[in-house]
Amino acid sequence: MKKTLFIVILCILLCSCTPPEKAESVTVFAMDTVMTVTAYGKGAGQALINAEKELYRLDKLWSVTNPESEISKLNSRKSTTVSPDTAEVISIALKMSELTDGAFDISIYPCLKKWGFTDKNYRVPSESEIRESLKLCDYSQIAVSGNNVYLPEGCEIDLGGIAKGFAADRIYSILKQSGIENAIISLGGNVSVLDKKPDGSPWNIQIKNSEIILKIENKSVVTSGNYQRYFTEGGKTYHHIIDPKTGYPADTKLTSVTVIAESSTEADALSTALYVMGEKEALSFLKKNPQYDAVFLHEDNSVTTNNTALLGTK
Ligand code: AMP
Ligand code: MG
């Protein structure tokens, strides 16, 4: 009798121990970035196939180096009908430009081209080249009406500062709609997480070049850093985040800015914008916009934030 009872209890225990959720991953090279999406649970395989397709689709729509992309066509024709996704990302970009008083501005593209940041033919442009290219930089002249987008003469746009954020939000939705409960979407400096880790603990996201670990759930963490793209000429280093007021790489003594927000699209635009603003202006921005948090990594390796509750170390 005792033996039978023992076997029954053992069976109940074995059946009630669900095996740990298996992780499935896909790695994609799109938007000039190595991207990895990891999802847990039933349906992960198919959800990741859909995610991969979507990343390639958005890359094809927005690449400025592909003359057939919607953005290249818009840049050359100035007035075109675009897909709803393109109209939406441009609208959000314009909204973020207004919110950041032009620190984020997708019409910085003619200036970026002068620096060679788009085709990697890096060079330091002359002051007059910068001045001329800045005359074409003004987000307030861009109009979106339904799916029609209008750019004024000479104006060209580049979504490099916001595209990965939009893509991360899209992949989040695809995974959620597929019934995935836990996932981590890592698109270069853009990381979004679905819920918690399968073991119920928060996801740990380390800020590059620092000991800082952010513990997050259902949020996006986006870092803009001066180490992501740069070149050196005449002993000076020039990076890819341009201050639209000067046309030069933002000189704010920061190595990186990391923004934590619900929307990865907004966090992406903001990490670029707060880097341009510099810590002081960025902190006053964050006071007025408390739905966002940020961590600033300074050139002297010090770390500051508007929300100390975020900071933890290894
Ligand atoms: P991120 O890594 O998100 O900060 O984006 C940097 C990329 O955004 C650059 O490589 C450029 O393509 C573009 N960019 C640079 N400066 C700006 C700016 N002030 N506003 C909008 N986009 C920018
Ligand atoms: Mg950005």
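Can you tell me which residue in region 136-181 is farthest from ligand 1 (Cβ to nearest atom), limited to those that are of a type in the set (A, V, I, L, M, F, W, C) and without any contact (Cβ under 8 Å) to a residue 60 or more places away in the chain?
The initial filter retains those residues of region 136-181 that are of a type in the set (A, V, I, L, M, F, W, C), namely 136-137, 142-144, 149, 151, 155, 157, 159, 162-163, 166-168, 171, 174-175, 180.
Remaining after also requiring without any contact (Cβ under 8 Å) to a residue 60 or more places away in the chain: 136, 142-144.
Numbers: 136: 14, 142: 12, 143: 18, 144: 16 Å.
Result: 143.
Report yes if residue 53 is surrounded by fewer than 13 Cβ atoms within 10 Å (Cβ to Cβ) and either in a helix (DSSP H, G or I) or β-branched (Val, Ile, Thr) (or both), otherwise no.
On the way: surrounded by fewer than 13 Cβ atoms within 10 Å (Cβ to Cβ): yes; either in a helix (DSSP H, G or I) or β-branched (Val, Ile, Thr) (or both): yes.
Yes: the conditions hold for residue 53.
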Positions within region 186-239 being free of Cβ contacts under 8 Å to residues at least 60 places away in the same chain and aromatic (Phe, Trp, Tyr), in sequence order: 203, 227, 230
Residues being under 16 Å from residue 295 (Cβ atoms) and either among the hydroxyl-bearing types (Ser, Thr, Tyr) or crowded, with 19+ Cβ neighbours inside 10 Å (or both) - total across region 182-215: 9
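How many residues does region 170-198 contain that are part of a loop (DSSP other than H, G, I, E, B) and either within 11 Å of residue 38 (Cα to Cα) or of a type in the set (D, E, K, R) (or both)?
Number of matching residues: 5.
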Count of region 109-144 residues which are surrounded by fewer than 18 Cβ atoms within 10 Å (Cβ to Cβ), of a type in the set (Lys, Arg) and more than 15 Å from residue 65 (Cβ to Cβ): 3
Meets criteria (acidic (Asp, Glu), under 24 Å from the mean Cα position of the chain (by Cα) and within 16 Å of ligand 1 (Cβ to nearest atom)) for residue 195: no
Among (1) under 19 Å from residue 249 (Cβ atoms); (2) in contact with a Pro (Cβ under 7 Å, 6 or more places away or on another chain), the one test that residue 141 misses: (1)
Failed item in (1) more than 10 Å from ligand 1 (Cβ to nearest atom); (2) in contact with a helix residue (DSSP H, G or I) (Cβ under 9 Å, 6 or more places away or on another chain), with residue 243 passing the rest: (1)
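I'm trying to understand the selection: among the residues of region 259-314, which are of a type in the set (Lys, Arg) and at pLDDT 95 or above?
Hits for region 259-314 are 280, 287, 288.
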Test for residue 92: is it among the hydrophobic types (A, V, I, L, M, F, W, C) and within 16 Å of ligand 2 (Cβ to nearest atom): yes
Of all residues making up region 242-275, the number that are more than 18 Å from residue 91 (Cβ to Cβ) and out of contact with any strand residue (DSSP E or B) (no Cβ under 8 Å at 6 or more places or on another chain): 6
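Kindly indicate the residue of region 95-127 that is acidic (Asp, Glu) and within 29 Å of residue 232 (Cβ to Cβ) and also farthest from ligand 2 (Cβ to nearest atom) among those meeting that condition.
So the first thing to find is which residues in region 95-127 are acidic (Asp, Glu), and the list is 98, 101, 105, 119, 127.
Filter once more, keeping what is within 29 Å of residue 232 (Cβ to Cβ): 105, 119, 127.
Working: 105: 12, 119: 20, 127: 27 Å.
Looking at residues that are acidic (Asp, Glu) and within 29 Å of residue 232 (Cβ to Cβ), I get 127.
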Hits in region 285-312 (condition: within 18 Å of residue 222 (Cβ to Cβ) and in a loop (DSSP other than H, G, I, E, B)): 289, 290, 291, 292, 306, 307, 311
Residues of region 216-234 that turn out to be within 16 Å of ligand 1 (Cβ to nearest atom) and surrounded by fewer than 19 Cβ atoms within 10 Å (Cβ to Cβ), as a count: 5
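Quick check: anything in region 230-240 touching a His at 6+ places or on another chain (Cβ under 8 Å), at negative phi and within 16 Å of ligand 2 (Cβ to nearest atom)? Break it down stepwise before answering.
Looking only at region 230-240, we keep the residues that are touching a His at 6+ places or on another chain (Cβ under 8 Å), and these are 230.
Next cut, at negative phi only: 230.
With within 16 Å of ligand 2 (Cβ to nearest atom) added as a condition, the list becomes 230.
Yes, because at least one residue in region 230-240 is touching a His at 6+ places or on another chain (Cβ under 8 Å), at negative phi and within 16 Å of ligand 2 (Cβ to nearest atom).
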Selection status of residue 85, touching a helix residue (DSSP H, G or I) at 6+ places or on another chain (Cβ under 8 Å) and surrounded by fewer than 16 Cβ atoms within 10 Å (Cβ to Cβ): no
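The values are calculated or read from the model by the stated rules, or taken from the named source; none is laboratory data. Keep in mind that what you see is a predicted model, and the values were worked out from it rather than measured. Methodologically, a virtual Cβ is constructed for each residue, glycine included, from the backbone with ideal geometry; neighbour enumeration extends over all protein chains shown.
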